[in-house]
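Please treat every number below as a calculation from the coordinates, not as lab data. Bear in mind the structure is a predicted one, so any value in this text is a computation, not a measurement. Glycine also receives a Cβ, built like all others from the backbone with ideal geometry; neighbour counts cover every protein chain displayed.
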Amino acid sequence: MPSLLSQLHDRFAAAGADPELRPPGRPEFGHYQSNVALRLANQQGRPPRQVAQEIVDRVDVTGLCQPPTIAGPGFINLRLTGPALIQAMARQLDDPAVGVEPAAARQRVVVDYSAPNIAKPMHVGNLRSTIIGDCLVRVLTALGHDVIRQNHIGDWGTQFGMLIEQLMAEGVDVAGLDLESSVALYRRAQAHFAADPDFAAAARRRVVALQTGEPETRRLWQALVDVSKAGFNRAYRRLGILLTDDDLAGESLYNDALPQVAAELEAAGIAVQDDGALVVFTDQGTAPLIVRKSDGGYGYAATDLAAIRHRVDRLKAQRLIYVVGAPQAQHFQQVFAVARRAGWAPPEVVLEHVGFGSVLGADGKMFKTRQGQAVSLDSLLDEAERVAAPNVAMAAVKYADLSNSLHKDYVFDLERMTATTGDTGPYLQYAHARVNQILRRAEAEGDTGEAPPDLAAPELLAAAEEEALLLDLSRFPDVVAEVGETLQPHRLCAYLFDLASALSAFYERCPVLKAAGPTRAARLTLCRAVGRVLARGLDLLGIDAPERM
Ligand code: ARG
């Protein structure tokens, strides 16, 4: 059953108007408002109130709304009826999807996220991509899309020549390596490379051996990759992220396709030779996109172009979403432009870069350790767990990441993030646990969980605070659909925070356990519905909703 808002929308559409329904400026104007009459009147050069009246006469809102009213210059105000709101709540209580509807056009969607680099620690940038991507995957899946997770790990490149050569020079047994010690190895290899020209030359030869598939070199490369993968998986489990080894599709996967990518671009006249390199000039940015470097090596851009072909041709994706930090915006604009020109991403395929800002320290600068190094994911999560229990700490970190609009930088302030009041993950967890506590108490007092026979009786759930909660509940499916379209998780966060705030306003004004008879049963039903929506909403954010705290 579509949400109340989409039903209303359909009623207007049936009357030939696209109402663009919005919450009105003030609650006394009702639940939704449309300014379609002002828009049409302007186009037709007619008085807006008259146009509004004509629409109101045509549109049939029976069973959904009270008769529409016209306000001010020609706004159409709508107030949902109590029974319609109550029916919507009852459906959410029954429905395993809590009212979330499959999207009208289901799509196959690739979400490219997390993508840490081998032999480098996961840093806070990877953390943001992982958390945001995980939320988008959950939301798109809930909307019935066929979601393919792609973890484009950095498992290829010239740095492996250096790493492997260092392994060999030190005679290190790869069996004893872990992510941390391979990161240390990376640092020693870099220093060695800078200081010793013979080593640097050997490292370059090692790159060639890796590319041509020399067995011992490949074996060591694979060992390095496996060590890092195990480290990434530990982080995913710790964070409760859906990614598994099945989702790995790293840069190395596209190796064999790179010469073809270059050749086709050149043959089509899209890429040109420039100082020995093969490049594409695009309208985006000042520098051209480098497909093949002058030393013959392929870089990050070529791999992303091959990945687009793979995702469109093989995976049959209709929408490609890249959750990668904002500094890579230009890279993606260029890659997308080239893929379009080459016909590898036909116009009906949607390409989206979901960029995001940085995590800052208390000093407002990039988040660094006191030694000036990038903060590792583990130390950051350890820090959070010193302040709160693990599932609360994860809620704090994830919610802080998701609740700001994505492009904004935010300050990593554990005290604020873990607070149980205000716009935080733990506050929502507490709101959920508190509802459950009330339901448990009611059960202990003999409540069977049955709603009163006539929940829609006019005297039940009639307080302003109850009506506000009902209206909020009815919006849940719309908000989830909106996040699926806009890819902005902060809208779901804002919704859940509003819902939790409306819930505490309700507690203040409307006693639940102290009420009696049908009033008590109706309020308990409302609590049950809010608890379900909070739990489902938190789940879509990737946040645990414990029953007790
Ligand atoms: N490994 C890259 C990094 O850490 C992110 C890769 C993002 N995905 C992609 N298809 N380029 O910066």
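Structure summary
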| quantity | calculated |
| --- | --- |
| Along principal axes, Cα extents of segment 431-535, largest first, whole Å | 44, 28, 23 |
| Shape of segment 39-109, Cα gyration tensor, a/c cut at 1.5 | oblate |
| Distance (nanometres) between label positions extended 7 Å along Cα→Cβ at His490 and Gln328 | 2.1 |
| Unit Cα scatterers, Debye sum, segment 1-65: log10 I(q)/I(0) for q = 0.14, 0.16, 0.18, 0.21 Å⁻¹ | -0.41, -0.54, -0.68, -0.90 |
| Shape parameters for segment 236-349, alpha-carbon atoms, Rg then Dmax in Å | 15.0, 48 |
| FRET efficiency estimate (nearest 0.05) - Cβ-Cβ, Asp60 to Asp178, R0 60 angstrom | 0.35 |
| Considering only the chain, percent of DSSP beta bridges that pair antiparallel, nearest 5 | 50 |
| Global geometry of segment 291-386, whether rounded, prolate or oblate, following the gyration tensor of its Cα atoms and the 1.5 cut on a/c | prolate |
| Debye intensity ratio in log₁₀ form over the Cα atoms of segment 319-433, taken at each q of 0.11, 0.16, 0.22 Å⁻¹ | -0.50, -0.82, -1.17 |
| Three-way shape label, segment 378-441, alpha-carbon gyration tensor, a/c 1.5 | oblate |
| Cα-projected label distance for Thr81 with Arg205, points at 7 Å along beta-carbon direction, nm | 8.6 |
| Computed over the chain, Kirkwood Rh from alpha-carbon pairs, angstrom | 26.6 |
| Debye equation applied to the C-alpha atoms of segment 114-245, log10 I(q)/I(0) at 0.16 Å⁻¹ | -0.81 |
| Shape metrics for segment 485-549, restricted to C-alpha atoms - Rg then Dmax, Å | 13.9, 44 |
| Where Rh is the Kirkwood radius over Cα pairs, Rg/Rh for segment 201-265 | 1.09 |
| Theoretical ellipticity at 222 nm over the chain - DSSP helices of four or more residues, -39500 (n - 2.57) apiece, nearest 500 | -17000 deg cm²/dmol |
| Charge dipole (debye, nearest 20) of segment 428-549; +1 at Cβ of Lys and Arg, -1 at Cβ of Asp and Glu | 360 |
| Spin-label model distance (nm) - Ala230 vs Ala191, 7 Å beyond Cα toward Cβ | 2.5 |
| Residue-span extension gain [Arg440 to Arg386] - 0.36 nm each, minus C-alpha spacing | 16.4 nm |
| Segment 250-257 - phi-based ³J(HN,Hα) in whole Hz, Karplus 6.51/-1.76/1.60, Gly and Pro as x | x, 4, 5, 4, 9, 3, 5, 8 |
